[in-house]
1. Scan (1) modelled with pLDDT of 95 or more; (2) in a helix (DSSP H, G or I) for the single condition GLN74 breaks and write down its number.
2. Scan the stretch 81-99 residue by residue and report those that are buried (at least 19 other Cβ atoms within 10 Å of the Cβ) and in a helix (DSSP H, G or I).
3. Filter the stretch 113-131 down to the residues that are touching a residue at least 40 places away in the same chain (Cβ under 8 Å) and among the aromatic types (Phe, Trp, Tyr) and list them by number.
4. Name the residues in the stretch 305-328 that are surrounded by fewer than 17 Cβ atoms within 10 Å (Cβ to Cβ), part of a helix (DSSP H, G or I) and on the phi < 0 side of the Ramachandran plot, would you?
5. Considering only the stretch 108-140, how many residues are surrounded by fewer than 22 Cβ atoms within 10 Å (Cβ to Cβ) and within 17 Å of the chain's Cα centre (by Cα)?
6. So which helices (runs of 4 or more DSSP H) stay within the stretch 118-234 end to end and still have 1 or more residues that are of a type outside the set (A, V, I, L, M), in contact with a Lys or Arg (Cβ under 7 Å, 6 or more places away or on another chain) and assigned by TED's automatic domain parsing to the domain that holds ASP86?
7. In the stretch 57-71, what residues are at pLDDT below 55 and closer than 15 Å to ASN97 by Cβ?
8. Take the residues in the stretch 236-247 that are touching a helix residue (DSSP H, G or I) at 6+ places or on another chain (Cβ under 8 Å) and closer than 19 Å to GLU191 by Cα; name whichever of them is surrounded by the most Cβ atoms within 10 Å (Cβ to Cβ).
Amino acid sequence: MKIMVSAGEVSGDFHGSFLVKELKKLRPDISFFGIGSEQLAAAGVDIKIDLTKRSSIGMFEALPNILPIFSAFQKTKKLILAENPDLVILIDSQGINMPLASFCKKRGIKTVYYIAPQEWLWGTNKGVIKVAQTVDLIVAIFEKEYNTYKAAGANVVYFGHPLIDIVKPSSIVSRSEQTTVSLCPGSRRQEIDSLLPILLKTGELIKKEFPAARFIMPVASTKISATIASRLSGFKPVMTIGRTYDDLFSSDLAICASGTINLEAAILGVPNFMVYKLSPLSYFIGKHVLKVDKKIKYFSMPNILLDELVIPEFTMRDANPDKIAAAAVALLNNKERQVKMRAAFDALCVKLGQPGMIRKIAAAILSG
């Protein structure tokens, strides 16, 4: 059996690696190839194209990547025709993966979408229907996502969120007695460009109030670490590679770029903040044209799932070091608030399901 995997971002590469490992346990004869990066390659996927450096957030932020992604799309279509896979697994990266799903549908190649487009959350009903009608199997990772796509007529399964299987500290790590803050600038070049200076200045301000505090900057890959290391001067957190969960678990607070890491920190029971910044034009279109803020009350997934502002969200003008540092100092000095936040995270974990779901997802993909 031959399976193509398509993951255009670091997070998709990460999630896909766990799924591939489970699929291999169930069917050792499967061969894998496709779009991905370091972690899918380590899991045994023959990576033909790496798009992770092209991932972005926001309409106008994506403009410089349009031609490279279109070129990759053309190459991928030729690759699919040449390799003729039995199945294509699409992971996140809606910009390239939905056109690939349409291409595969026209040629009778089965598709599975794992971490599907979030049309169910901030998209349109038309978008939901398009995903439902284009993809052969949607693997939902949220209950509301499952219900929305099911109502649209999709072939969809839901076992819970795979991070419950994945997010664990190693057995040797423990909570530090020293005040520890993790600064997490994200994995996209655009995020690093806009948020790294903010997080570094925030850390510098926090250190004035907590001189003995330890500051960590966990990053997901060597490619990202090189970019960040070249920009560190003056205030320098300790940068680590490939040990994010240990670093988060040992932290009293994580200040993070908006994304999966907010959910990961919450699963580990770590108080965290969300920082999010787009270009003014992208933000204007999102707010006044797409009316995203009318569809959702919150931007971070823990807050969305709990329907409560548990994690402070610093967006656009509020994403400035003075505000973030002041909120961080207040939280670090308030044990009662930290306990309350952790209790909310316990409730969140219950919503996300029970361990063992990636094996169930792999079995559902192979049986479908």
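The values are calculated or read from the model by the stated rules, or taken from the named source; none is laboratory data. Keep in mind it's a predicted model, so treat the numbers as computed, not measured. Cβ sites come from the backbone with ideal geometry, for glycine too, and all protein chains shown count toward neighbours.
1. It is condition (1) that GLN74 fails.
2. Taking the stretch 81-99 first, the residues buried (at least 19 other Cβ atoms within 10 Å of the Cβ) are 85, 87-98.
Hits for the stretch 81-99 are GLN94, GLY95, ILE96, ASN97, MET98.
3. The first filter runs over the stretch 113-131 and keeps only residues touching a residue at least 40 places away in the same chain (Cβ under 8 Å), leaving 114-115, 121-122.
Scanning the stretch 113-131 gives TYR114, TRP122.
4. So the first thing to find is which residues in the stretch 305-328 are surrounded by fewer than 17 Cβ atoms within 10 Å (Cβ to Cβ), and the list is 307-309, 315-318, 320, 322-323, 326.
Subsequent filtering for residues that are part of a helix (DSSP H, G or I) retains 316-318, 322-323, 326.
The answer is ARG317, ASP318, ASP322, LYS323, ALA326.
5. Residues meeting the conditions: 3.
6. Details: elements: 119-122, 125-134, 143-151, 163-166, 189-209, 222-229.
Helices (runs of 4 or more DSSP H) meeting the threshold: 119-122, 125-134.
7. Going residue by residue through the stretch 57-71, those that are at pLDDT below 55 are 57-63.
Of everything in the stretch 57-71, just one residue is at pLDDT below 55 and closer than 15 Å to ASN97 by Cβ, namely ALA62.
8. Taking the stretch 236-247 and keeping what is touching a helix residue (DSSP H, G or I) at 6+ places or on another chain (Cβ under 8 Å), we get 237, 239-241, 244-245.
Then drop every residue that is not closer than 19 Å to GLU191 by Cα, which leaves 237, 239-241, 244.
Numbers: PRO237: 20, MET239: 16, THR240: 15, ILE241: 12, THR244: 23.
Among them, the one singled out is THR244.
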